[in-house]
Amino acid sequence: MKAIKREREKLRNTIKELEQHLAEKERELDARRKMKKAQMLDNDALKARVAAKEDRIKALESELKKLLQDVDQLQKELCEATEAQDANIEGQCITLKQCMEVPDEHEHLFLKNLSSDTFESLIAPLLERKAVKCLSVCSTYLKQDCVHYFSLLLANNLTLHCLWLTHETIDDEGVKILAHSLKNNKTLMFLSLDFNYSITAKSCQSLADLLCANRTLHSLSLSHTTINIFGARILVRSLEFNDILKWLVLDEQHRVSFPGVSRLKF
């Protein structure tokens, strides 16, 4: 009887140990299930975030494509509308008499490869024509005295809407003079200073002051200049004080420095 009793006691202990071991394994299995479930939830959340970002990228790409199409269409319409209204004045030796022979109805004037003195002698009578809405000056380096004179004319001009001074036509000192004169201009909406590699960060504060003061300029283009990141930051900060300007165009190299900044083009 004693031997049977000992065997029963031993069997009970064994069963108890097995039950404890089984309970421990069940707790371990339950913990693993919870961990796996949490990982699955994290994966689902991550997939949802990735999907949302992919949808956003697709939407932005679609919007960009439409904007580019709109720009192409506007450029095409502009070319078609002004094809018969453009006048080109080119060469170092053009005379005032030849200049005045350009018909009065031309709205767009293109001045190219002129000397600073020739430009200065022509610009006043040209701007007196109220039909002139757009002026493009290309490859015509303007001396400081000439820029002063031109800026005085622009300060009181009420007809010019678009101005291109491109391809080594103006430098930092000229930009400072021009920017000051345009602060109170009421008609100019587009200003391009592209392809002037003599424009650096030195004139950016003057351009920023212009953007803070002027209330009619819609676009300022400064691509293909030598403006560095410090000058670019000055210009971008000025956008905080200007809700009129639609586009500020900078060199492609600055794209990485200003991600997500609205009203910037590169």
By how many nm would the segment from E63 to E240 grow when fully extended, if each residue of separation counts as 0.36 nm and the alpha-carbon distance is taken off?
61.3 nm
Along the charge dipole of segment 91-265, pointing to its positive end and built from +1/-1 on Cβ of Lys, Arg, Asp and Glu, which listed residue (T187, Y149, L135) has its Cα farthest out?
T187
Please compute, over every Cα-Cα pair in segment 145-240, the percentage with a separation greater than 18 angstrom.
39 percent
What percent does the relative contact order of segment 151-222 come to when contacts are Cα pairs within less than 8 Å and at least six residues apart?
39 percent
Starting from one equal scatterer on each C-alpha and no solvent at all, send me the Debye-based log10 I(q)/I(0) for segment 91-265 at q = 0.13, 0.14 Å⁻¹, two decimals.
-0.61, -0.71
What share of all Cα pairs of segment 221-266, in percent, falls into each consecutive 10 Å distance bin?
27, 63, 10
Please go through the residue pairs K143/K183; K58/K246; K112/K265; K65/K246; K65/K183; K202/K246 and name each one whose alpha carbons sit more than 29 Å apart in this structure.
K65/K183
Based on the mean of other Cβ atoms within 10 Å per residue, sort peptides 40-52, 152-164 so the most packed one is first.
152-164, 40-52
Tell me, what is the FRET efficiency for N113 and N184 to the nearest 0.05, using R0 = 25 angstrom and their Cβ-Cβ distance as r?
0.20
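Each value in this text was obtained by applying a stated rule to the coordinates, not by laboratory testing. Here the structure is a predicted model, which is why all the values come from computation and not from measurement. As a convention, Cβ positions derive from the backbone with ideal geometry for all residues, glycine included, and neighbour counts pool all protein chains shown.
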